[in-house]
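Q: This is the structure I want to talk about, given as structure tokens.
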Amino acid sequence: DARPRSLPGCHQAGRRLPWPPTSGREVLLKQSPQGSLASATSLGGASRPRRLTGSIPPMLAQSRLPSLLLQLPRLRSVAPGLATMSSATGTLTVQQPLNYRAGARVQPADGGQLEEVFEPATGRVLCKLPCSGEKEVDLAVQSAKAAFKIWSQMSGMERCRVMLEAARIIREQREEIATMETINNGKSIFEARVDIDISWQCLEYYAGLAGSLAGEHIQLPGGSFGYTRREPLGVCVGIGAWNYPFQIACWKSGPALACGNAMVFKPSPFTPISVVRLAEIFTEAGVPKGLFNVVQGGAATGQLLCQHPDVAKISFTGSVPTGMKIMEMAAKGIKPVTLELGGKSPLIIFSDADLENAVKGALMANFLTQGEVCCNGTRVFVERKILDTFTKEVVKRTQKIKIGDPLLEDTRMGALINRPHLNRVQGFIKQAKEQGAEVLCGGDLYVPDDPKLKNGYYMRPCVLGNCKDDMTCVKEEIFGPVMAILPFDTEEEVLERANATKFGLAGGVFTRDIQKAHRVVAALKAGMCFINNYNVSPVELPFGGYKSSGFGRENGRAAIEYYSQLKTVCVEMGDVESVF
Ligand SMILES: NC(=O)c1ccc[n+]([C@@H]2O[C@H](COP(=O)([O-])OP(=O)(O)OC[C@H]3O[C@@H](n4cnc5c(N)ncnc54)[C@H](O)[C@@H]3O)[C@@H](O)[C@H]2O)c1
Ligand SMILES: C[N+](C)(C)CCCC=O
């Protein structure tokens, strides 16, 4: 069975999902004779099955999803309930506004600076993105405030139903959303589908929790008592990175909305497209208009959001330097903040590990999304006894990774996000060589044969040998497909070296020795640890960092703490005993 069961998204609620996950409609993705055309044939539309039970809130009767975000070429209806959509690399044009406010796409009210948005696979400009200014940011926050008044008064079960509906729509539109994500981010369609699956699973999970959010009742002397209410915070700001645009928006909006908050989300200006579809889906699912808004722009727009006096909380995903600035702004407004930042995580392979799994784990830890993954295990510590065998096998498999058009079914590595980032990653490899590392494979630019991909941002995945702990490639987050292999001799030694970093996002260990596995993860100073696997992401598990990798948690029950506050109510049943 060749199904990639160990990929993120293959787990749900204690069981493994079939691969690929089946949805409310059948989606077939075919490769055209030309080789680069992905076409999806979907059954659904008006006749799609509704899985909601119980009473449906009036808001669910709202209008159906507004027209398509993107003008996907050759989009046509062929029969009621049957739509045929096709889109190929290099053909997408973005024509509709990418801001979303009060339940509709809008052009920003001010701002005006234009950012070019690229298709990484081809280097084409997809659109020029207007960055929002102070007025637009304020309108979005006011829109969220108005919706918050309605949403926060609904019961958890009512919110649950709406969120389940949003999850169902995402699942139904999986193929279209994954295609958008692939075109805008450059990751393979294969992976983008997994991201979308994790996204709807996240909304389902928090929908499930919404109905059970509750406080406590505490008995006090003389029949008096106290109770706690778990209340929402208000308007939360989400600021996202470009590597998982849709998924990051779901990881933030899922717990935020479940707790009764409203959200204004700002994606990275490199990947502004898919999150607007999420906003449309929330509206279609029945959230009050304005509950989830999207403002577009870069640092300046982000600052306006963080400094807005009506914003109650900031949840940020991005780099450490930006995280510091966000925290400073949050401090000035006494706003709670969640920081999901970068990493340089260790993956420790002991000689008693199942070698096949360890090699697969190392690839999973380094090469998903072209290596642009915060929690990647980029420092691969290998027990010296198996260094040669392990390295040989890792290099062999890395060289076989199929690079190219990310919309093709068999592609496993697409294009990096943009030219400056590709150059930056190449710069790290050059520096690694100058500092004495050996390039065991890859690291060079990859130019696909297909002429339309010639200006895309491709490189071959790289494995570095002869690495030392003080090399830049071992110390700094590269955020590209570059694995550094480092030999070790003892458990004590490797733990000290693994923890000798300012980061603390993730870590992993491969061994057959169960005591050693638990001992090692207990000693790792990292928020997300894996034993005998890497980069799986069940939404039930909290995710977040130690040290400079940030604080706060996304996913799991833990995230509820970061999107709600406790109110304590003390109730006197007798007379007041005054000391005066
Ligand atoms: N821990 C996690 O969950 C996680 C997940 C994904 C990415 N990341 C990290 O994100 C980084 C890559 O993403 P990036 O290049 O988009 O990061 P970045 O810090 O450059 O930007 C992140 C977001 O912050 C915005 N921004 C930039 N300056 C700002 C400012 N002064 N005020 C407010 N907003 C501002 C950007 O427009 C973008 O939306 C890597 O370090 C990666 O490890 C972390
Ligand atoms: C889904 N993954 C692979 C765990 C990545 C989480 C987000 C980090 O960049």
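Q: Residues that are of a type in the set (Lys, Arg) and either within 16 Å of ligand 1 (Cβ to nearest atom) or surrounded by fewer than 15 Cβ atoms within 10 Å (Cβ to Cβ) (or both): does region 505-516 have at least one? Write out each step before concluding.
A: Taking region 505-516 as the starting set, the residues that turn out to be of a type in the set (Lys, Arg) are 512, 516.
Narrowing further to those that are either within 16 Å of ligand 1 (Cβ to nearest atom) or surrounded by fewer than 15 Cβ atoms within 10 Å (Cβ to Cβ) (or both): 512.
For region 505-516, residues of a type in the set (Lys, Arg) and either within 16 Å of ligand 1 (Cβ to nearest atom) or surrounded by fewer than 15 Cβ atoms within 10 Å (Cβ to Cβ) (or both): present.
Q: Shifting gears a bit: Which of the following residues is buried (at least 21 other Cβ atoms within 10 Å of the Cβ) and within 16 Å of ligand 1 (Cβ to nearest atom): Gly545, Gly556? Before the answer, list the steps.
A: Working: Gly556 fails: buried (at least 21 other Cβ atoms within 10 Å of the Cβ).
Every option except Gly545 fails the conditions.
Q: Within region 240-261, work out how many residues are within 8 Å of ligand 1 (Cβ to nearest atom), assigned to a loop (DSSP other than H, G, I, E, B) and touching a strand residue (DSSP E or B) at 6+ places or on another chain (Cβ under 7 Å).
A: Count: 2.
Q: Could you grab me the full set of residues in region 313-339 that are open to solvent by 30 Å² or more (accessible area, probe 1.4 Å), more than 10 Å from ligand 1 (Cβ to nearest atom) and either within 15 Å of Val264 (Cα to Cα) or not in a loop (DSSP other than H, G, I, E, B) (or both)?
A: Correct list: Met327, Ala331, Lys332.
Q: Please enumerate the residues belonging to region 375-395 that are out of contact with any helix residue (DSSP H, G or I) (no Cβ under 8 Å at 6 or more places or on another chain) and assigned to a loop (DSSP other than H, G, I, E, B).
A: Cys375
Q: Okay, next question. Within region 524-538, track down each residue that is touching a residue at least 40 places away in the same chain (Cβ under 8 Å), under 15 Å from Asn555 (Cα atoms) and not aliphatic (A, V, I, L, M).
A: Asn535, Ser537, Pro538
Q: Still on this structure, I have one more. If you check every pair at least six apart or on different chains, which have Cβ atoms under 9 Å apart with a residue in region 245-273 that is under 15 Å from Met163 (Cα atoms) and open to solvent by 10 Å² or more (accessible area, probe 1.4 Å) first and a residue that is part of a helix (DSSP H, G or I) and away from ligand 2 (no atom under 16 Å from the Cβ) second?
A: none
Q: To continue, here is another question. Only one of these conditions is not met by Thr378: (1) buried (at least 23 other Cβ atoms within 10 Å of the Cβ); (2) among the polar types (S, T, N, Q); (3) more than 30 Å from Phe510 (Cα to Cα). Which number is it?
A: (3)
Q: Here's something else I'd like to know. Filter region 383-395 down to the residues that are in contact (Cβ under 8 Å) with a residue 40 or more places away in the chain and surrounded by fewer than 13 Cβ atoms within 10 Å (Cβ to Cβ) and list them by number. Lay out the reasoning, then the answer.
A: Filtering region 383-395 for residues in contact (Cβ under 8 Å) with a residue 40 or more places away in the chain gives 383-384, 387, 390-391, 394-395.
The one that is in contact (Cβ under 8 Å) with a residue 40 or more places away in the chain and surrounded by fewer than 13 Cβ atoms within 10 Å (Cβ to Cβ): Arg384.
Q: For region 340-360, give me each residue that is assigned to a helix (DSSP H, G or I) and either surrounded by fewer than 24 Cβ atoms within 10 Å (Cβ to Cβ) or within 13 Å of ligand 2 (Cβ to nearest atom) (or both).
A: Let us first name the residues in region 340-360 that are assigned to a helix (DSSP H, G or I), namely 355-360.
Correct list: Leu355, Glu356, Asn357, Val359, Lys360.
Q: Taking region 396-410, which residues are open to solvent by 20 Å² or more (accessible area, probe 1.4 Å) and in a helix (DSSP H, G or I)?
A: Lys396, Arg397, Gln399
Q: Restricting attention to region 300-311, which residues are open to solvent by 30 Å² or more (accessible area, probe 1.4 Å) and more than 7 Å from ligand 1 (Cβ to nearest atom)?
A: Initially, region 300-311 is screened for residues open to solvent by 30 Å² or more (accessible area, probe 1.4 Å), giving 300, 303-304, 307, 309-310.
Scanning region 300-311 gives Ala300, Leu304, Gln307, Pro309, Asp310.
Q: Suppose we filter Pro420, Pro487, Pro451, Pro481 for residues that are open to solvent by less than 10 Å² (accessible area, probe 1.4 Å) and either more than 16 Å from ligand 1 (Cβ to nearest atom) or modelled with pLDDT of 95 or more (or both); which single one remains? Walk me through it before giving the result.
A: Details: Pro420 fails: open to solvent by less than 10 Å² (accessible area, probe 1.4 Å); Pro487 fails: open to solvent by less than 10 Å² (accessible area, probe 1.4 Å); Pro451 fails: open to solvent by less than 10 Å² (accessible area, probe 1.4 Å).
Sole residue among the options that is open to solvent by less than 10 Å² (accessible area, probe 1.4 Å) and either more than 16 Å from ligand 1 (Cβ to nearest atom) or modelled with pLDDT of 95 or more (or both): Pro481.
Q: So, in region 188-214, how many residues would count as being part of a loop (DSSP other than H, G, I, E, B), in contact with a strand residue (DSSP E or B) (Cβ under 6 Å, 6 or more places away or on another chain) and within 16 Å of ligand 2 (Cβ to nearest atom)?
A: So in region 188-214, the residues part of a loop (DSSP other than H, G, I, E, B) come out as 188, 211-214.
From the residues that got through so far, the ones that are in contact with a strand residue (DSSP E or B) (Cβ under 6 Å, 6 or more places away or on another chain) too are 213.
Those left that are additionally within 16 Å of ligand 2 (Cβ to nearest atom): none.
Looking only at that region, the number is 0.
Q: Does Asp444 satisfy the criteria of being over 25 Å from the mean Cα position of the chain (by Cα) and crowded, with 18+ Cβ neighbours inside 10 Å? Don't jump to the end; show me each part of the working.
A: On the way: over 25 Å from the mean Cα position of the chain (by Cα): yes; crowded, with 18+ Cβ neighbours inside 10 Å: no.
Against the criterion (over 25 Å from the mean Cα position of the chain (by Cα) and crowded, with 18+ Cβ neighbours inside 10 Å), Asp444 does not qualify.
Q: If a residue must be within 16 Å of ligand 2 (Cβ to nearest atom) and either within 22 Å of Met483 (Cα to Cα) or among the small types (Gly, Ala, Ser) (or both), how many such residues does region 311-339 contain? Steps first, please.
A: Quick first cut of region 311-339, residues within 16 Å of ligand 2 (Cβ to nearest atom) only: 315-320, 322-323, 338-339.
So of that shortlist, the ones also either within 22 Å of Met483 (Cα to Cα) or among the small types (Gly, Ala, Ser) (or both) come out as 315, 318-320, 323.
Here the count works out to 5.
Q: Just for region 215-241: of the residues that are more than 20 Å from Asp138 (Cα to Cα) and buried (at least 21 other Cβ atoms within 10 Å of the Cβ), which one is farthest from ligand 2 (Cβ to nearest atom)? Quick ask: steps written out before the conclusion?
A: In the first step, residues of region 215-241 are kept if they are more than 20 Å from Asp138 (Cα to Cα); the result is 215-232, 241.
If we keep only those that are buried (at least 21 other Cβ atoms within 10 Å of the Cβ) too, we end up with 232, 241.
Values: Pro232: 25, Ala241: 7 Å.
Checked region 215-241; the qualifying residue farthest from ligand 2 (Cβ to nearest atom) is Pro232.
Q: Any idea which of Glu540, Glu561 is more than 16 Å from ligand 1 (Cβ to nearest atom), farther than 30 Å from Met324 by Cβ, among the acidic types (Asp, Glu) and open to solvent by 20 Å² or more (accessible area, probe 1.4 Å)? Talk me through it step by step, then tell me what you get.
A: Working: Glu561 fails: farther than 30 Å from Met324 by Cβ.
Among Glu540, Glu561, only Glu540 is more than 16 Å from ligand 1 (Cβ to nearest atom), farther than 30 Å from Met324 by Cβ, among the acidic types (Asp, Glu) and open to solvent by 20 Å² or more (accessible area, probe 1.4 Å).
The values are calculated or read from the model by the stated rules, or taken from the named source; none is laboratory data. These numbers come from a predicted model, not from an experiment. For neighbour counting, all protein chains shown are included, and Cβ atoms are generated from backbone atoms with ideal geometry for every residue, glycine included. Heads up: the accessible areas ignore ligands, DNA and RNA and are worked out on the full protein's heavy atoms, side chains in. Shrake-Rupley method; radii C 1.70, N 1.55, O 1.52, S 1.80 Å.
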